[in-house]
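Rule-based calculations on the coordinates, nothing more; no lab input. All values derive from a computational prediction rather than experimental measurement. Don't worry about glycine lacking a Cβ; one is built from the backbone with ideal geometry, like all the others, and counts go over all protein chains shown.
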């Protein structure tokens, strides 16, 4: 998968489509539409348009199989999420990871299990 040099933002609908493609690994427009149908029904043309936009933005690539395009992600969920976190850290926390993590811990929405998992991750990284 590519490393995208700049953070490209995804709209809410683009994120929904990308989540479906990431879950499926690769997919046609119809497969994405069917995958999303229960949670978020969309017209085929909407899915087709959004997947074309995501391809143009560089998030998806497509290959032709007969009369159907098969779409594959060019970036991982982690790459997109990491880019957005770095952008958020710069924009809202003056580039300080400490300030960002402090705010996350202060928000009060974290379960004790989540805090333990964060501590475990930090301890692991300090050892390596």
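Annotations
- Taking segment 12-73 and dividing mean pair separation by its residue count, relative contact order in percent (alpha carbons under 8 Å, at least six apart): 40
- Projected label distance in nm at residue 110 and residue 8, using a 7 Å step from Cα toward the beta-carbon: 3.2
- Calculated mean residue ellipticity at 222 nm for the chain: -19500 deg cm²/dmol, from DSSP H runs with n ≥ 4 weighted as -39500 (n - 2.57), summed, divided by the residue count and rounded to 500.
- Residue order for 59, 92, fewest other beta carbons within 10 angstrom first, comes to 92, 59.
- Axis of helix 12-24 versus longest Cα principal axis of the chain: the two differ by about 80°, to the nearest ten degrees.
- Label assignment, log10 I(q)/I(0) by the Debye sum over Cα atoms at q = 0.13, 0.21 Å⁻¹ derived from the structure, set (i) -0.53, -1.21; (ii) -0.48, -1.19; (iii) -0.70, -1.15: (iii)
- C-alpha long axis of helix 77-93 to longest principal axis of the chain, angle in °: 50
- The chain, relative contact order [Cα under 8 Å, separation at least 6], %: 24
- Inverse of mean 1/r across different Cα pairs in segment 77-127, Kirkwood, Å: 12.1
- Among 32, 101, 21, residue whose mean-square fluctuation peaks in a GNM of the chain (springs only between Cα atoms under 10 Å): 101
- Between 0 and 90°, nearest 10: helix 44-57 axis offset from the chain longest Cα axis: 60
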